[in-house]
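Readers should treat all values here as calculations from the given coordinates under stated rules, not as data from a laboratory. Since we're looking at a predicted model, the values are computed, not measured. Glycine also receives a Cβ, built like all others from the backbone with ideal geometry; neighbour counts cover every protein chain displayed.
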Amino acid sequence: MGDDRADLLLHPLRLRILQAAAGRDVTTADLAAALPEVATATLYRHVRRLLDGGALQVVAERPVRGTVERTYRLAAAASPLTADEIADLSPDDHRAAFTTFAAGLLRAVTDYLDDPAADPAHDGFGYRHLALWADDAEFEAFAADLRAVVLRAVERGPGPGRRRRTLTTVVVPDPGPTTPARPDRHGAGPGNRTTHVDAAQRAGTRGL
């Protein structure tokens, strides 16, 4: 994983820190609570690395028992990797990063479901597996529309009555030919190439 930003963002522990900080301001105490199995010194070291790399920024400081407690927020450098940066990753890089990504998602789902107050139907908890047929241009148009909708929601930020929800997307093209002989009525013919979009903890269980 030669790219500096990929090294910064896809390190297993740093990726989990970024996941924990997504969409909210956090202190190291908040991060320690989200990652209780991580030693404090290790957590501080990787937070510092994210700060130095520009993926986290300090948005507030306050004195606490003779020390200074900092509040952190994701910065622009924590934005998703570009197509060129992704192209530089090896298959093993992707496998390692995705394993950490999926583990963080599983931990978030487990923490939610272990909460005695969890009410999946009311809270909008859900997950779905869909298959989309699209050529490259159609998929790019779909992705642009989806990004625009999601960005509007993300930019609202915290506010009265708002609850933090995480939206997770995973796009996996099927291997094989891009054009099947003929899809069946379910849109899944032999030798096809479909695009799957998974979402966990969506804002509603009725689909995107």
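Placing a pseudo-label 7 Å from each Cα along the Cα-to-Cβ vector at Arg48 and Thr27 gives an inter-label distance of 2.0 nm.
Take every pair of alpha-carbon atoms less than 8 Å apart whose residues are at least six positions apart; their mean separation over the length of segment 1-107 yields a relative contact order of 35 percent. Each of His11, His94 was scored by other Cβ atoms within 10 Å of its Cβ. Arranged with the fewest first, they read His94, His11. Residue exposure proxy: Asp174, Asp136, ordered by other Cβ atoms within 10 angstrom of their Cβ from fewest to most, comes out as Asp136, Asp174.
Expressed as a whole percent, the proportion of Cα-Cα pairs in segment 1-118 lying more than 19 Å apart is 50%. Quick one: net charge of Asp123's neighbours, Cβ under 9 Å, K/R +1, D/E -1? Taking every Cβ under 9 Å from that of Asp123, the sum is +1.
Per-residue extension of 0.36 nm, minus the Cα-Cα distance of Ala41 and His94, leaves a gain of 16.3 nm for this segment.
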